[in-house]
Each structure stands twice: as C-alpha cells, then as structure tokens.
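Since the structure comes first, as structure tokens, the remarks are kept for the end.
The values are calculated or read from the model by the stated rules, or taken from the named source; none is laboratory data. This is a predicted model, so every value here is computed, not measured. Virtual Cβ from ideal backbone geometry, glycine too; neighbours counted across all protein chains shown. Only protein heavy atoms, including side chains, enter the accessible area calculation; ligands, DNA and RNA are left aside. Shrake-Rupley method; radii C 1.70, N 1.55, O 1.52, S 1.80 Å.
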Amino acid sequence: MNMGMVTLAAIRSVPMATTYIRGGTVVSPTGCQDLDVLIDGERIAALVDPELAPFDDPDRTFDHVLEAKGKYVIPGGVDAHTHMEMPFGGTVASDTFETGTRAAAFGGTTTIIDFAIQRQGERVQDTLAAWHAKARGNCAVDYGFHQILGGVDTDALKAMDELVAEGVTSFKLFMAYPGVYYSDDGQILRAMQQCAGNGALTMMHAENGIAIDQLVAQHIERGETSPYYHGVSRPWELEEEATHRAIMLAKITGAPLYVVHVSAKQAMEQIAGARGSGANVFAETCPQYLYLSLEEQLAAPGFEGAKWVCSTPLRSHEEGHQEELWRYIRTGDVATVSTDHCPFCFKGQKEMGLGDFSKIPNGMSGVEHRIDLMYQGVVNGKLSLQRWVDVCATTPARMFGLYPRKGIVSPGADADVVIYDPDGRTSIGFEKNHHSNVDHSTWEGFEVEGCVQTVLSRGTIVVDRGRYLGRKGHGVFLKRGLSQYLI
Ligand code: URP
Ligand code: ZN
Ligand code: ZN
C-alpha cells in the first residue's frame, strides 16, 4: 500500500478547510494499516503516521476531527450498476436520483453509475441528455452514466464515439427482453466492433431472451403464473449459453466484455475459462445472488415472491450457485459486486403481475446494503477485508475509468471515505430501517454485523451515525475515462 505519509511540517502547510480522521485502520486492496487521514477541502491530502500526533502541535488545528479508533477507514463504495427512475414494464423504478443516492449515502456508497436508456428509433444523444436532466441537481453523491443501447443502428454506432468523449465509456446490451431492450447477435457484433475501436467497455445482460419468452408463454398457458415460475422460466442453461455466445462475439471483435449480474455458476465457468485463456472478460455479481434463492424467496407463499423478481433470476439453493459465486469472488474471476438496484413497490407496481408473473416489473432494491452485506461475507469467512474493499470500491472504480479519483483512500483521491464500525450491527430487514423509496425490504429478516458510522463525499460529511447531513445537488456528474482493468 502506498501510504503517502508526510511530515509534521507538511501537515502544517495544508491550508484549506481540513478534516482529520484519527486512529483508524485504513483498508485498501493491498493491505490494512493504522493511519490517520488528512483531508483538505474535497481531496485526501495525506495519510499520516499516528505517531506524528499532529494534535499536540499548537501550530496546526483542524476544522473537524473524526475519531476512528477501532474502526476501518475505507474508500466510499462505488456501485457500478443502479437504475434510478428506470422505465420497466409499464412503470418506473420507485427510487428517484434524489431518494436513491440518499439511500446509497446511508449505506456508505458515494458513487453510483446509472444507466441512460436508448430504445429503437431514439437518438442516443437525446436519451443521455434526458438522463442528465433527471440526475442533475438531485444527487446526494457523485454519479456517472453507462448507456443502454436498445436499438443498435448506424446512428447509434456513431453516437457511441461521441459519448466516450463525453465520459460515458461503457455500453450495456441485452440478449434478453425481445421487443424492449433486446439486440440480436448482428447488432451486438457491430456494437462490440465499435467498442473495440473506441476503447469503451461492452456490458452484457446475458440471457437467451428469445428462448426464455417461449418458456414464459408455455408456463402462463399451463396456468403456472406465480412469481416462482419467473425463476423456472429463466434456467441457468440459458444464462450459460448467452454468456458463452457473448464471450465468443467479444473474442471475434477484440472487445473487452463485462457480464453484468451473473447468477449461475455455469455462466461463471464460461467467464473463468475465457479469463484463463487471457481474454478481457469480467464478471459482476450482486448480493442477492450470494444470499437469496429460488426456494426461499421466489417461492414465498402467495404473491410475496414478486418482491424478488429480477433478471437474471435468483437461482436454486440446491444447485450450489451461491458457494461458487463466493469462490469466484475470492479467485478474482468475479471482479465487482454491484447491486442492480431497481426497486418497485409491492403495492401497485409488483402487483401489476398478479395472475401473470411475466408482468411483474423486474428488479429489487439494494444500493443501501451492499457494503454491509459484503462485510458480512468477511465475517463469515467468505472473503478478506482487502477483497471487500476491492470488489465494492477499488475495482469498480478502475473498471469504469474513475480510478484513482475514486475507489481508494490515498493522497490526491476525492475524500470519499467511510468510517466503518466492525463492532456495530445493522438491521436491514425492516422497511422502516431503509431509506429507499420502496414499501418493503428485499432483505426481510436479515441482520448483519458491522455498520456504517460516518460517510464523507468529497470531504463533506453526508451521513454520521444514522443522521443524514448531506443535501440534494451535492453529487456531481463524473466524466469517466476508459476502463483501466485489462487482464
Ligand atoms: O431485474 C433487473 N435486473 N432489472 C433491471 C434491469 C436489468 O436487466 O438490469
Ligand atoms: Zn440486466
Ligand atoms: Zn440492471
């Protein structure tokens, strides 16, 4: 770890509004070390050897001193996959940029990357402008955009280069949702070729949507209409097949590939195999696939399972996907853990699918709980402290061209810092305990060890011991560079 440590004289010379985080253990992907953190305005100025004890120095005072004894000091989380206000299935995800980024802040996430959405016939640049308008002036923490391409044509391909220049350097394509966001293999090939040329990252929703739609129709026709059949109609084979196809198309075009929300161990085998052969293929998974299942959540009595309808779906506990996903986090084949945060209220939104699971809007909440749920993985011996920080902050920042501004506690980086209490507990399973604009909890019954104590976003304290001190409009748009994470 590069400590960037300084002398007392250097600390004296830091001129601006300062915050000093004292007594904590700074965690990075490469190590843990007892270091104080000096923040100057919006940036980290220095990591300080605690022995220097600058408090005893009469020539140096600080505007804020935050005590972090016995706590971890980690970079603010980077959630590279959220959908605030996403239109889906005739409704719109219930978190706005305001409510969703406030929830993110409560959970120690200080950067989100959301998705602007283009559909067939729409001008890509117009759709990006529309998403800028939704987010601008409303966010509690910093944000960037990926661009979803739902209609790859000649104009869209040209627009991709323009977007890269504007800091939107990743494009999501869908092999699922025919007639909505779906791209056929020819469109995917063309978009990947464009990415291979302009350096952007292709993100893939890898499920064979054409086959899935047939299975869905057959279940509905047989009267199998409950949320459980959402999972049954999207078998792992169709995630594995699509993942394999995406990898082959990426290989042919030379484009790097980032497969989003991987839930099947067989899809991970494809990705690990491709990585083993040296291909620039990366996987993202989400906490829901590490903890929740087809049997326990989607098969809940009555229509309750609708709360957990998302795609790719929760997988069967018996098939051992969760353990394999944790293992792939440890091996590094899962590069990032994001949330795919896309909440819909049970009342009036999920209920649109009463009597027909295919009409349930896909998605669940999670932006507030990722850091805690992954810390529970540390407690459970599933991953190391360093890897916790890596998958939640550092690698997403590198993957999406934000590093070293984001994702690391290091001199020069934005002062996005979380003081995390390993001795705390967080009850995340109650609606009243979360800050998303949604009427139920994805994490019903969950209580986890560890808790977010204090959150700083660009040097400003936005959350302290459960109190919100931030403001709408503090968060700024992040113009991203190209991905910095090639094998
Ligand atoms: O169910 C999900 N994942 N909803 C959000 C859209 C997507 O495919 O990521
Ligand atoms: Zn998706
Ligand atoms: Zn998504």
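Key figures for this structure:
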{"quantity": "Criterion: in a loop (DSSP other than H, G, I, E, B) and more than 20 Å from the chain's Cα centre (by Cα) - qualifying residue of His435, His440", "calculated": "His440"}
{"quantity": "Leading residue by the ranking (nearest to ligand 1 (Cβ to nearest atom)) among those in the stretch 161-180 that are in contact (Cβ under 8 Å) with a residue 12 or more places away in the chain and open to solvent by 10 Å² or more (accessible area, probe 1.4 Å)", "calculated": "Tyr177"}
{"quantity": "Residue ID - surrounded by the fewest Cβ atoms within 10 Å (Cβ to Cβ), chosen from residues in the stretch 247-263 that are aliphatic (A, V, I, L, M) and within 14 Å of ligand 1 (Cβ to nearest atom)", "calculated": "Val260"}
{"quantity": "Any hit, the stretch 98-111, residues being within 16 Å of ligand 3 (Cβ to nearest atom) and open to solvent by 40 Å² or more (accessible area, probe 1.4 Å)", "calculated": "no"}
{"quantity": "Some residue of the stretch 149-160 being within 26 Å of Lys350 (Cα to Cα) and open to solvent by less than 10 Å² (accessible area, probe 1.4 Å)", "calculated": "yes"}
{"quantity": "The stretch 393-406 residues that are farther than 19 Å from Val259 by Cα, paired with ones that are part of a loop (DSSP other than H, G, I, E, B) and at pLDDT below 95 (beta carbon under 7 Å, 6 or more apart)", "calculated": "Tyr403/Gln484"}
{"quantity": "Residue, surrounded by the fewest Cβ atoms within 10 Å (Cβ to Cβ), within the stretch 47-67, restricted to residues that are at pLDDT 95 or above and out of contact with any Phe, Trp or Tyr (no Cβ under 9 Å at 6 or more places or on another chain)", "calculated": "Glu67"}
{"quantity": "Residue that is farthest from ligand 3 (Cβ to nearest atom) [pool: residues in the stretch 264-273 that are free of Cβ contacts under 8 Å to residues at least 40 places away in the same chain and open to solvent by 40 Å² or more (accessible area, probe 1.4 Å)]", "calculated": "Gly273"}
{"quantity": "Evaluation of Tyr485 against (1) of a type in the set (Ser, Thr, Tyr); (2) open to solvent by 50 Å² or more (accessible area, probe 1.4 Å); (3) touching a Phe, Trp or Tyr at 6+ places or on another chain (Cβ under 9 Å); (4) modelled with pLDDT of 95 or more (one fails), failing number", "calculated": "(4)"}
{"quantity": "Leu215 being surrounded by fewer than 17 Cβ atoms within 10 Å (Cβ to Cβ) and touching a Ser or Thr at 6+ places or on another chain (Cβ under 6 Å)", "calculated": "yes"}
{"quantity": "The listed residue being more than 23 Å from the chain's Cα centre (by Cα), among the β-branched types (Val, Ile, Thr) and within 16 Å of ligand 2 (Cβ to nearest atom), out of Ile220, Ile252, Ile212", "calculated": "Ile212"}
{"quantity": "Only listed residue being away from ligand 1 (no atom under 13 Å from the Cβ) and free of Cβ contacts under 8 Å to residues at least 40 places away in the same chain, chosen from Gly305, Gly276", "calculated": "Gly276"}
{"quantity": "Failed condition for Ser441, given (1) at pLDDT 95 or above; (2) closer than 28 Å to Asn138 by Cβ", "calculated": "(1)"}
{"quantity": "Filter result (without any contact (Cβ under 8 Å) to a residue 24 or more places away in the chain and in a loop (DSSP other than H, G, I, E, B)) within the stretch 467-487", "calculated": "Leu469"}
{"quantity": "Failed criterion for Thr99 (all others in (1) in contact (Cβ under 8 Å) with a residue 24 or more places away in the chain; (2) of a type outside the set (Lys, Arg); (3) part of a helix (DSSP H, G or I); (4) touching a strand residue (DSSP E or B) at 6+ places or on another chain (Cβ under 9 Å) hold)", "calculated": "(4)"}
{"quantity": "Qualifying residue in the stretch 192-205 (condition: open to solvent by 30 Å² or more (accessible area, probe 1.4 Å), closer than 21 Å to Thr111 by Cα, at pLDDT 95 or above and not aliphatic (A, V, I, L, M))", "calculated": "no"}
{"quantity": "Helices (runs of 4 or more DSSP H) (entirely within the stretch 354-408) containing at least 2 residues that are open to solvent by 10 Å² or more (accessible area, probe 1.4 Å)", "calculated": "370-379, 385-389"}
{"quantity": "Candidate set from the stretch 296-349 (those that are within 16 Å of ligand 3 (Cβ to nearest atom) and of a type in the set (S, T, N, Q)); member that is surrounded by the fewest Cβ atoms within 10 Å (Cβ to Cβ)", "calculated": "Ser311"}
